[in-house]
Amino acid sequence: LQNDSWGKQYSHALFKAMSHMLCIGYGQQAPEGMTDVWLTMLSMIVGATCYAMFIGHATALIQSLDSSRRQYQEKYKQVEQYMSFHKLPGDTRQRIHEYYEHRYQGKMFDEENILGELSEPLKEEIINFNCRNLVANMPLFANADPNFVTAMLTKLRFEVFQPGDFIIREGTVGKKMYFIQHGVVSILTKGNKETKLSDGSYFGEICLLTRGRRTASVRADTYCRLYSLSVDNFNEVLEEYPMMRRAFETVAMDRLDRIGEEQPPRPVQPPPRLLLGSR
C-alpha cells in the first residue's frame, strides 16, 4: 500500500480499524480489492448492528419478565440515597428497610392508577377479592349488606405498622379508624390496662362517631397489616346505611364498658374528656 493512492490507503486503514473496534474477523485471507474491502466493512457494520439489537431486545425481555421487582429496586435505591444524604442512623435505616420489605414484599405497583383505569364493576371485584380475608374474619362484615361491604372496602387504605409503633396516641383528634387484616395490637388506657386485638378486629371508630379526642393509645405488638378509613369516608358510607351506624355504636359502647370507661350521654357537643377513639 506504500505506493498506492490515498483513497486505497485510507480504505485499508479504516478496514483494519473497524476490524479491531468491532472485534469481527474476516476469515483466513484479508480482502484485497477496494470492492471487497468496502463490502466487508458493510457486512461487519450490519453484523455488529444486528448483534447489538439482539442483546438489547434480550435484555429488555428479561427485565420485562419482572418489571414490578425492577421498579421496587429502583425505588429502594432512591430511598437508600435519601438515607445516605441525610446521614440517618443505622437503626433508623434498618427499620426503613424492614418497613419496605413488609409493605411492598419486593414488588411495587401503582395500584391507585391501575384501579382508576378500570370500570367500576371490575374495580369492586378486585377490591373484594383482595380484602376477602378481612371480610371473612370480621363478624361486622359477615352479616352485613353486601352493598355496604363493597362501599366500605372501596374507601379503605392499606397501611403497615412495625412492632412498637403507636398507631393511635391518647389525646389526639380522631381522624381514622382501622381494620386489622393481620397482626396483634394493644389498647393502652390510663389505668395501664391492656386489651389485645388481632385479625378481624377494628378500633378507632368511637372518635369518628363522637368527633372527639382519643382517650386511649393503640400500639402494634407485631408487624400489622391494617386498612384505615378516614372520618369523611366513614360518614359518607354510614349516611347511606344508617343501620350500620347503629351497629358501630353498639359495638363501641360495649367496648367502652369492657375497658372501664363510662358511656356518656350524647349531647350536641360532648365533653372531650369522655370521647374515646379506640377499642
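Side notes on the structure shown:
- Boolean, Asp199 is acidic (Asp, Glu), touching a residue at least 24 places away in the same chain (Cβ under 8 Å) and open to solvent by 50 Å² or more (accessible area, probe 1.4 Å): yes
- Unique match (being of a type in the set (S, T, N, Q) and touching a Phe, Trp or Tyr at 6+ places or on another chain (Cβ under 7 Å)) among Ser68, Ser84, Ser64, Ser119: Ser68
Okay, residues lined up against (1) in a helix (DSSP H, G or I); (2) open to solvent by less than 80 Å² (accessible area, probe 1.4 Å):
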{"position": "Gln29", "(1), (2)": "no, no"}
{"position": "Met44", "(1), (2)": "yes, yes"}
{"position": "Gly47", "(1), (2)": "yes, yes"}
{"position": "Tyr51", "(1), (2)": "yes, no"}
{"position": "Phe54", "(1), (2)": "yes, no"}
{"position": "His57", "(1), (2)": "yes, no"}
{"position": "Ala60", "(1), (2)": "yes, yes"}
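- For Gln78, the test of being open to solvent by 50 Å² or more (accessible area, probe 1.4 Å), modelled with pLDDT of 90 or more and part of a helix (DSSP H, G or I) is passed.
- Considering only residues in the stretch 139-149 that are surrounded by 17 or more Cβ atoms within 10 Å (Cβ to Cβ) and of a type in the set (A, V, I, L, M), the one that is modelled with the lowest pLDDT turns out to be Leu140.
- Of all residues in the stretch 122-181, those satisfying the criterion of being over 25 Å from Gln105 (Cα atoms), touching a residue at least 40 places away in the same chain (Cβ under 8 Å), of a type in the set (Gly, Ala, Ser) and out of contact with any Cys (no Cβ under 9 Å at 6 or more places or on another chain) are Ala144, Ala151, Gly171.
- Selection status of Thr215, assigned by the TED database to the domain that holds Asn143, open to solvent by less than 40 Å² (accessible area, probe 1.4 Å) and not aliphatic (A, V, I, L, M): yes
- When the residues of the stretch 85-133 are filtered to those that are in contact with a Lys or Arg (Cβ under 9 Å, 6 or more places away or on another chain), under 16 Å from Arg225 (Cβ atoms) and outside any helix (DSSP H, G or I), the one that is least open to solvent (accessible area, probe 1.4 Å) is Gly106.
- Restricting attention to the stretch 150-164, the residues that are buried (at least 16 other Cβ atoms within 10 Å of the Cβ) and charged (D, E, K, R) add up to 1.
- Meets criteria (assigned to a helix (DSSP H, G or I), hydrophobic (A, V, I, L, M, F, W, C) and more than 46 Å from the chain's Cα centre (by Cα)) for Ala17: yes
- Filtered residues of the stretch 202-212 (kept if crowded, with 20+ Cβ neighbours inside 10 Å and in a loop (DSSP other than H, G, I, E, B)): Gly204, Gly212
- Ala136 among the hydrophobic types (A, V, I, L, M, F, W, C), under 30 Å from Glu240 (Cβ atoms) and open to solvent by 60 Å² or more (accessible area, probe 1.4 Å): yes
- Of all residues in the stretch 170-188, those being of a type in the set (A, V, I, L, M, F, W, C) and open to solvent by 60 Å² or more (accessible area, probe 1.4 Å) number 1.
- Where a residue in the stretch 74-97 is outside the structural domain of Pro163 (by the TED database) and its partner, wherever it lies, is hydroxyl-bearing (Ser, Thr, Tyr) and surrounded by 10 or more Cβ atoms within 10 Å (Cβ to Cβ), with Cβ under 8 Å and at least six apart: Tyr76/Tyr100; Val79/Tyr100; Met83/Thr92
The values are calculated or read from the model by the stated rules, or taken from the named source; none is laboratory data. Nothing here was measured: the structure is a model prediction, and the numbers come from that model. All Cβ positions, even for glycine, are placed from backbone atoms using ideal geometry, and neighbour counts span all protein chains on display. What goes into the accessible areas is simple: the full protein's heavy atoms, side chains included, and nothing from ligands, DNA or RNA. Shrake-Rupley method; radii C 1.70, N 1.55, O 1.52, S 1.80 Å.
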